[in-house]
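Contents: one structure, followed by commentary.
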């Protein structure tokens, strides 16, 4: 919201301009790590790619134009094999309170996502949205690990630091 629509909620020209300036400076953590920090893969080299990870692209982050950066960071992690799931850019059916107000429809939407996750063979589903994490965890019922991209990155770099 801050990245795309913040300035639209103001009518006074001066405040609207300040809000627009702020919007230009807002970035997702994955954008920041690539563009501002030029984050490099951990030094630890391993051929253990037994852990497969896939990425669920949340609707709000796609709307903000952030699609490549989370995938790029996941792909560069050693010790993990990144696999793109079918329909990674489709909603998981949570959509804020949509899943509470429309549980049957939400469940049908999630079923498509569940099949895509299973077909990917991934053990870990990464996303960048806490609401999506809830929807994925509830729908997958413990059959896969769901983590925020930042959690996965933190774990990878902590292991690298300690090895």
Next item on the list: Compute the Rg to Rh ratio over the range 41-162 from the alpha carbon atoms, using the Kirkwood formula for Rh, and round to two decimal places.
Entry: 0.99
Checklist line | Average Cα contact separation per residue, the range 41-162, under 8 Å, 6 or more apart, as relative contact order % | finding: 30
Next item on the list: Would you mind ranking 27, 133, 1 by Cβ crowding within 10 Å, fewest neighbours first?
Entry: 1, 27, 133
Checklist line | Residues 157, 82, sorted so that the one with the fewest Cβ neighbours within 10 Å comes first | finding: 157, 82
Margin query: Can you tell me the length gained on complete extension of the stretch residue 137 to residue 112, counting 0.36 nm per residue apart and subtracting the Cα distance?
Written below: 7.5 nm
Check: Roughly how compact is the range 86-135, stated as its Cα Rg over 2.2 N^0.38 Å to two decimals?
Finding: 1.10
Next item on the list: Work out, step by step, the length gained on full extension between residue 157 and residue 86: first 0.36 nm times the residue separation, then minus their alpha carbon distance; give nm to one decimal.
Entry: 22.7 nm
Next item on the list: State the extension gain, in nm to one decimal, for the chain segment bounded by residue 2 and residue 150, taking 0.36 nm per residue of separation less the distance between their alpha-carbons.
Entry: 51.3 nm
Note to self: At R0 = 22 Å, how high is the FRET efficiency between residue 12 and residue 32 if r is their beta carbon distance? Nearest 0.05 is fine.
What the structure shows: 0.15
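Readers should treat all values here as calculations from the given coordinates under stated rules, not as data from a laboratory. Just so it is clear, the model here is predicted, and its values are computed rather than measured. So basically every Cβ, Gly included, is an ideal-geometry build from the backbone, and we count neighbours across all protein chains shown.
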